[in-house]
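The values are calculated or read from the model by the stated rules, or taken from the named source; none is laboratory data. Predicted, not measured: the structure shown is a model, and the values here were computed from it. Every residue, glycine as well, gets a Cβ built from its backbone with ideal geometry; the counts of neighbours run over all protein chains shown.
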Amino acid sequence: MGGGTRAAVFLDRDGVLNKAFVTEAGTPSPPRSIDELEILPGVIESCDRLRELGYLLVVVTNQPDIARGTLDASVVDEINLRLQAELTLDSVWTCPHDDSDGCACRKPRPGLLLEAAQHHGIDLERSFMVGDRWRDVEAGRGAGCKTLWVVDPTYKDPPAVGADVRVRDLRDATHWIESRFSSVGGSGK
């Protein structure tokens, strides 16, 4: 599954980079407008540090509210563009589908990661997936990445079985990556 020459940190969007709004059912929901976009504490510094270590930063995000008709694609695009500018991300890959669409790009399927890897020449075996839901971990595992699960105790999701490590937030994830893989050329400790 390697294939490429560059290593990346794949990042889920809502709940990892920006605040997710947790519904009464305990499900995270995206910001509904650019005004609701709130970058989480430590995210800018963490992205800067991962970039210094030589990693590409690639966002892979499910946005099923587009398919459900409850969020306009233009709002999702506007939020993605703002994040890309403020966090100097290499790219943002969005799945606009819902589970019933049966697409290859909706996490837990690894389609978004595989497509981004082909586009950027990414070596998936040297890369990481950081996400706050079981779908993210499963997609990362399916693509052959090491997986970091950002645990949010307010979610009522199933646990992310098989994650390589549980972390509190992107700062914690960045520290874990740096402590074991000092740079893109590092083989791990």
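Remarks
- Among the residues listed as A104, A139, the single one being farther than 20 Å from C47 by Cα, crowded, with 22+ Cβ neighbours inside 10 Å and of a type in the set (G, A, S): A139
- Put simply, of V22, V75, V9 the only residue that is over 16 Å from the mean Cα position of the chain (by Cα), buried (at least 17 other Cβ atoms within 10 Å of the Cβ) and on the phi < 0 side of the Ramachandran plot is V75.
- Per-region count, region 93-132, residues more than 22 Å from F181 (Cβ to Cβ), hydrophobic (A, V, I, L, M, F, W, C) and assigned to a strand (DSSP E or B): 2
- Residue that is nearest to G131 (Cα to Cα) [pool: residues in region 33-55 that are among the aliphatic types (A, V, I, L, M) and touching a Ser or Thr at 6+ places or on another chain (Cβ under 8 Å)]: L50
- Filter result (on the phi < 0 side of the Ramachandran plot, surrounded by fewer than 19 Cβ atoms within 10 Å (Cβ to Cβ) and not aliphatic (A, V, I, L, M)) within region 29-46: S29, R32, S33, D35, E36, E38, P41, E45
- Test for V59: is it in contact with a helix residue (DSSP H, G or I) (Cβ under 9 Å, 6 or more places away or on another chain), within 23 Å of W176 (Cβ to Cβ) and of a type in the set (V, I, T): yes
- Of all residues in region 133-156, those satisfying the criterion of being charged (D, E, K, R), under 18 Å from P30 (Cβ atoms) and in a helix (DSSP H, G or I) are R135, D136.
- Residue in region 20-28 that is over 18 Å from R133 (Cα atoms) and assigned to a loop (DSSP other than H, G, I, E, B) present: no
- Single residue of region 157-178 satisfying the filter (within 22 Å of S29 (Cβ to Cβ) and at pLDDT below 95) that is surrounded by the most Cβ atoms within 10 Å (Cβ to Cβ): A160
- Scanning region 1-30 for residues that are among the aliphatic types (A, V, I, L, M) and touching a Ser or Thr at 6+ places or on another chain (Cβ under 8 Å) yields a count of 5.
- Tally, over region 54-72, of residues that are in a loop (DSSP other than H, G, I, E, B) and either more than 18 Å from the chain's Cα centre (by Cα) or more than 21 Å from D136 (Cβ to Cβ) (or both): 5
- Top-ranked residue of region 79-132 - restricted to ones that are among the charged types (D, E, K, R) and free of Cβ contacts under 8 Å to residues at least 40 places away in the same chain, ranked as nearest to E52 (Cα to Cα): E115
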